[in-house]
Every structure is written in C-alpha cells, then in structure tokens.
Amino acid sequence: MDDSGEELVYVGKTKNTSRFNGGHSAALKLHAPEYSNKQKKIYRSTVWFHNDEEYISLDWIQPEALAHELLDSIESHLIYQFQPSLNIEKKIKLTAKWEFYVHIQNFLEGGFLNDTFI
C-alpha cells in the first residue's frame, strides 16, 4: 500500500487477452466485501530490457519461448516482492528463473509505485 492508500492486490501476465472474456477470477473476487468501498484500477504494463546501450522490448526477444520465460520471471519477482492478496502462487518462495532489477515507472495520475525498484 502506498501513501495514498492504493494497494496492489493482483499481479498476472497474459499474451492472450481473450482469456478475460466472461470475467477473470481475480477481478470477480474484487466484489468481495473487503473491497466494496475501494476504487478499482487495472494497470497494464510493457516490459523493456536495458543493456547499457539500448532498450529492447520483450516483444522483440527471440525465441518466443525465452520471452515467455523472462515474463514469468518478472511476474514471479513482482508477486514475491509485493505479496498481492489475490495471488496464490509464487508468494512463499521466489520462483524466478533469472534475477534482475525491475524499475517500475507509472506515468498515470497518482503515480502508484512510480520509480519503485525491486
């Protein structure tokens, strides 16, 4: 939770947004009484890697299987670090295949987690 009271309650990755058709289980859990008086926001992110010379989008990483593994490692780091209440897996032990620093930048109003390093 940050100074404004905003709280991260779920971290998830997807390459296929159609899996949200009909509702996502985590989003449906936000109807529970403990979340009834809270504003809900969905943040989408883009992953970039920096190698001291240039920025490389995760979308450009080949082979695609490597990109999926990197994305899974990032998700694992975020869940382990922030312990979101609606995530079940990846909270007890860091399951990331690779270790790296994550720099979160949020350019939206409020700047939730902006300039956070994990």
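Read-outs: derived from the displayed coordinates by stated rules, not from any lab. In this text, all values refer to a predicted model and were calculated from it rather than measured experimentally.
Computed values, structure above
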item: Pairs beyond 27 Å (Cα-Cα), from K38/K97; K41/K90; K29/K91; K29/K97; K38/K93; result: K38/K97; K29/K97; K38/K93
item: Translational diffusion of segment 45-111, µm² s⁻¹ [Kirkwood Rh, Cα pairs; Stokes-Einstein; 10 °C; 1.306 mPa s]; result: 119
item: Normalised contact order of the chain, rounded percent, pairs of Cα under 8 Å and 6 or more residues apart; result: 25
item: log10 of Debye I(q)/I(0), alpha-carbon scatterers only, for the chain at 0.18 Å⁻¹; result: -1.14
item: 0 to 90° range, to nearest 10: angle between helix 64-82 axis and the chain longest Cα axis; result: 40
item: Sum of -39500 (n - 2.57) over DSSP H runs of 4+, divided by residues of the chain (222 nm, nearest 500); result: -6500 deg cm²/dmol
